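Take a look at the structure set out below.
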Amino acid sequence: MKLNHRPRRLRQSPFIRDLVRETEISLSKICLPLFVTDGKNIEKSNKNIPSLMTFSLDRLLKYVESAKKEGIKFVLLFGVTEKRNAKASEAFNPNSPLMKAISEIRSKFPEMIVGTDIALDPYTDHGHDGLCKIKSSGDYEILNDETVEALSKMSLMHAKAGAQIVSPSDMMDGRVLGIREALDEENFQKTIILSYTAKYASCLYGPFRDTLGANLIGDKKTYQMDPANRKEALRELKLDLCEGADIVMVKPASWYLDVIADFKRESSVPVAAYHVSGEAALIELGAKAKLFDRDRAILESSTAIFRAGADILVTYFAKDLARILKRH
Ligand code: PBG
């Protein structure tokens, strides 16, 4: 048979396939989320996702050391606490385990990039990301501008403790601008804002909320985006770029590859994607049921997110990827 085009020619051996592979994952583009809580000698895993881990400060430092040895270069820190109230006061406690974690990781592991999630949901009794007013109907109304002010204060505290990246995940209007102004006013021009630009009101945050011990009253649909909307993400992108975001993020990742591809095309700054807890749980449970191989699922889903256009991937499978990539 005379055939001019035989695409299989480029698939004939592992070496040829390596040569023509379009998407390669590098550990320098991977971020590991970690949770830090009160107390001592605490190290616990989410019940469905072993690598979604909560630590007391002493244990966290050991884990960061092991992650660093394995090639992880960027950690994203979240606070977990039972000290919740309407004002989210624990978010502003200068001696919280999170605040100590930021400065201790920075001083013990200077080459590790430390980012922090900026939102109030670990600290509010109602579990919302912002400050709320309770309406006469009993519903919670999120106070946008008051929340931006609180998040700006929180970002500045984290920057002062040493965080190089602050990452607002709350979806309030104008928070990137508010945070940038607060940082610049105190000469933190170098602090990077990684904004959760298109964060959807997804069902996939369930395991994360279990880990936080959040008892969310109502839902987050008045601030997180409707999963049905694609154009609206471009509007959020434009606004975040105008307000000065340094990195923009799409979240969740694998059900939102179209949005990641749009960002890749339209964004003048790097694009991150967050492979969230529910996405990780689907892989863990599927692998446990022997529906597919766990490592292959981790590699394929991560590769798909990069292929769609992400420059940076936030994933609970960071350590798994380090191990898998070493083998490949
Ligand atoms: C909240 C926040 C959430 C996640 C990161 N920051 C959850 C939410 O919006 O309720 C989700 C991460 C995950 O599911 O892994 N500010």
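Every number in this text was worked out from the coordinates using simple rules, so none of it is lab data. These numbers come from a predicted model, not from an experiment. Every residue, glycine among them, receives a Cβ derived from its backbone with ideal geometry; neighbour counts consider all protein chains shown.
For the stretch 111-137, taking the residues that are among the polar types (S, T, N, Q) and within 19 Å of PHE35 (Cβ to Cβ), the one that is farthest from the chain's Cα centre (by Cα) is identified as THR124. Residues of the stretch 263-299 that are under 29 Å from LYS231 (Cβ atoms), more than 16 Å from the ligand (Cβ to nearest atom) and under 19 Å from the mean Cα position of the chain (by Cα): PHE263, LYS264, SER267, VAL269, PRO270, VAL271. Evaluated against (1) touching a residue at least 60 places away in the same chain (Cβ under 8 Å); (2) surrounded by fewer than 24 Cβ atoms within 10 Å (Cβ to Cβ); (3) more than 12 Å from the ligand (Cβ to nearest atom); (4) hydrophobic (A, V, I, L, M, F, W, C), ALA198 falls short on exactly one condition, (2). When THR54 is tested against (1) within 14 Å of the ligand (Cβ to nearest atom); (2) hydroxyl-bearing (Ser, Thr, Tyr); (3) over 23 Å from TYR196 (Cβ atoms), just one condition goes unmet, and that condition is (3). Residues considered: GLU111, GLU90, GLU82. Of these, the only one that is away from the ligand (no atom under 14 Å from the Cβ) and outside any loop (DSSP other than H, G, I, E, B) is GLU90. All of (1) more than 19 Å from the chain's Cα centre (by Cα); (2) buried (at least 18 other Cβ atoms within 10 Å of the Cβ); (3) part of a loop (DSSP other than H, G, I, E, B) hold for ARG59 with one exception: (3). Across the stretch 211-229, not a single residue is classified as over 26 Å from THR81 (Cα atoms) and of a type in the set (Lys, Arg). Contact map, the stretch 280-294: residues that are within 20 Å of LEU313 (Cβ to Cβ) paired with residues that are among the polar types (S, T, N, Q) and outside any helix (DSSP H, G or I), Cβ distance under 6 Å, separation 6+ or inter-chain. Pairs shown: ALA281/ASN48; GLU284/ASN48. Among residues of the stretch 114-138 that are assigned to a strand (DSSP E or B), those with a beta-carbon under 6 Å from a residue that is more than 14 Å from the ligand (Cβ to nearest atom) and among the basic types (Lys, Arg) at least six positions away or on a different chain give the pairs VAL114/ARG106.
Restricting ASN95, ASN85 to residues that are over 20 Å from VAL148 (Cα atoms), out of contact with any Leu (no Cβ under 8 Å at 6 or more places or on another chain) and polar (S, T, N, Q) narrows the list to ASN95. Taking the conditions exactly as written (out of contact with any strand residue (DSSP E or B) (no Cβ under 6 Å at 6 or more places or on another chain), more than 16 Å from the ligand (Cβ to nearest atom) and part of a loop (DSSP other than H, G, I, E, B)), does GLU24 satisfy them or not? Yes; evaluated as a whole, the condition is true for this residue.
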